1. With contacts defined as alpha carbon pairs under 8 Å and 6 or more residues apart, what's the relative contact order of the chain in percent?
2. Name the most mobile residue of L197, L34, L113, meaning the one with the largest mean-square fluctuation, in a Gaussian network model of the chain with Cα contacts below 10 Å.
3. Pulled fully out, how much extra length does the chain show between T7 and D214, if you take 0.36 nm times their separation in residues and subtract their Cα-Cα distance?
4. Would you check the accessible area of H347, probe 1.4 Å, heavy atoms only, in square angstrom rounded to 10?
5. Length gain on complete extension for the stretch S108 to E407, per 0.36 nm per residue less the alpha carbon to alpha carbon distance?
6. Leaving out same-chain residues fewer than 8 places away, which lysines sit with a Cα under 26 Å from that of K78?
7. For the chain, just the Cα set please: Rg and Dmax, both in angstrom.
8. Sort F331, F161, F106 from largest to smallest accessible area, using a 1.4 Å probe on the heavy atoms of the protein chains.
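The values are calculated or read from the model by the stated rules, or taken from the named source; none is laboratory data. This one's a predicted model, so the numbers in the text were calculated from it and none came from an experiment. Counting neighbours? That spans all protein chains shown, and the Cβs are built from the backbone with ideal geometry, glycine included. These accessible areas exclude ligands, DNA and RNA; they are computed on the full protein's heavy atoms, side chains included. Shrake-Rupley method; radii C 1.70, N 1.55, O 1.52, S 1.80 Å.
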Amino acid sequence: MDKLIITGNGPVNGEVWASGAKNSALPILAATLLSEGPVTISNLPHLQDITTSLELLGRMGVEPVMGDNMTVQLDGSKVEHCHAPYELVKKMRASILVLGPLLAHFGSAEVSLPGGCAIGSRPVDLHIRGLEAMGAEISVENGYIRAKAPGGRLKGARIVFDVVTVTGTENLLMAATLADGRTVLENAAREPEVVDLAECLIAMGARIIGHGTDTIVIEGVERLHGCEYSVMPDRIETGTFLVAAAASRGKVRVTRTRADTLDAVLAKLEEAGATITTGDDWIELDMQGKRPKAVNIRTAPYPAFPTDMQAQFVALNAVAEGTGTVIETIFENRFMHVQELNRMGAHIALEGNTAVVTGTERLSGAPVMATDLRASASLVIAAIVADGETMVDRIYHIDRGYECIEEKLSGLGVIIRRSAG
Ligand code: EPZ
């Protein structure tokens with residue numbers, strides 16, 4: 001397995017561009033299944049999960065036509081098989097996002113049920129219950145969700161989510177665009193990626209209001225058409241670079257990004273002592289050589305502090321002045337990075353869903369193991385500030401969510417290389 005070899009080399013400095021957002025590109029790729037014409041998507045990140053998504057659509061009969069710079073054209077009217085096989089879904093649980101569009105456009109779907117993952121059990125019961133409220137008949141057999149829309153069309157419904165779910169909101173939002181009548185989604189997710197998906201659906205002819213709030217209203221239409229759409233910048237990748245600069249007392253400018261999607265993260269970085277300046281499509285962080293101060297974090301649905309930035313801030317607190325508590329409220333098992341950071345000399349105590357991080361002046365390089373996507377980002381940040389060499393194993397996790405990580409970090413002065421396993 002590939003590994004990343006990183007040698008601590010002082011402050012991160014320079015400029016880096018943000019890629020398109022993984023968690024927006026994945027639902028938008030699934031949404032092309034709703035259209036009766038070609039949809040051209042640009043600013044797609046070059047990531048393993050995007051490749052898996054395109055392979056999944058190809059298996060259904062929707063052959064991707066690649067253009068320059070990761071632009072792809074997809075025509076949902078070409079679907080031949082409404083089937084998402086286990087061997088692809090097990091690689092990427094976000095494959096569940098094809099369930100709503102297939103059911104809404106073609107009246108049936110067979111999708112492998114995603115299993116658990118490193119960060120939690122992650123059930124999809126709210127996706128299924130929402131589609132049943134829209135009239136779908138659903139059974140789960142042999143590891144597959146089998147769904148049918150009686151009469152070939154879903155019906156509008158009022159759906160109240162028990163807990164805020166991002167892909168749950170996205171699946172029902174997509175399904176509702178072709179349903180008969182009005183759908184109201186309450187306690188819906190407000191993440192910027194949900195808004196980006198809604199904007200793409202509106203460009204395809206959907207009738208949606210309230211996206212970005214906790215109540216989304218969708219008037220179903222007969223059909224959706226093709227469009228051109230550019231995926232929003234990745235706020236989590238952006239945040240990861242900013243934290244790397246803060247932890248290493250450096251200065252970084254992230255371009256092609258959006259500060260308005262990162263309010264909670266930027267506020268915590270300022271609390272840690274960073275000077276933040278922003279422009280239309282850039283964010284600059286400067287620590288002026290200062291050591292960061294520890295901050296307290298509590299993850300929650302948007303616009304609160306994102307769980308996908310939790311691990312990176314644990315690494316920041318590990319070298320900060322003082323003690324910070326980090327409370328994870330979204331996933332039940334999202335502290336796998338803690339023991340690995342402690343192997344590098346961090347002082348982190350775990351109590352249930354809380355990590356108490358007592359900052360230390362220096363970390364030391366060590367062989368460590370990535371366990372999930374954001375945990376691997378926190379290990380890379382720790383390696384950047386540690387003395388000596390760190391070897392991060394199982395980096396297939398990081399390739400799922402960070403485009404050209406070693407090229408981008410090298411451009412910021414980090415000594416990093418990939419060793420093929
Ligand atoms: C999305 O996952 C993101 N993935 C995750 O990013 C992110 O961590 C998460 O939202 C929270 O922000 C994509 O967008 C592809 P949820 P999702 O449904 O939609 C429970 C990354 O690092 N729940 O919002 O799967 C669930 O168990 C990834 O890029 C149910 O109980 O997360 C969790 O505790 C990791 N039943 C909570 O809701 C359901 O049917 C929130 O999960 C659905 C969810």
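1. Averaging sequence separation for qualifying contacts and normalising by length gives 21 percent for the chain.
2. Among L197, L34, L113, the largest GNM mean-square fluctuation belongs to L113.
3. My answer for the length gained is 70.1 nm.
4. About 100 Å², rounded to the nearest 10.
5. Stretched fully, the S108-E407 segment lengthens by 103.3 nm.
6. Result set, ordered by chain and number: K22, K90, K91, K148, K155.
7. Just the Cα atoms of the chain yield Rg and Dmax of 21.4, 66 Å.
8. F106, F331, F161
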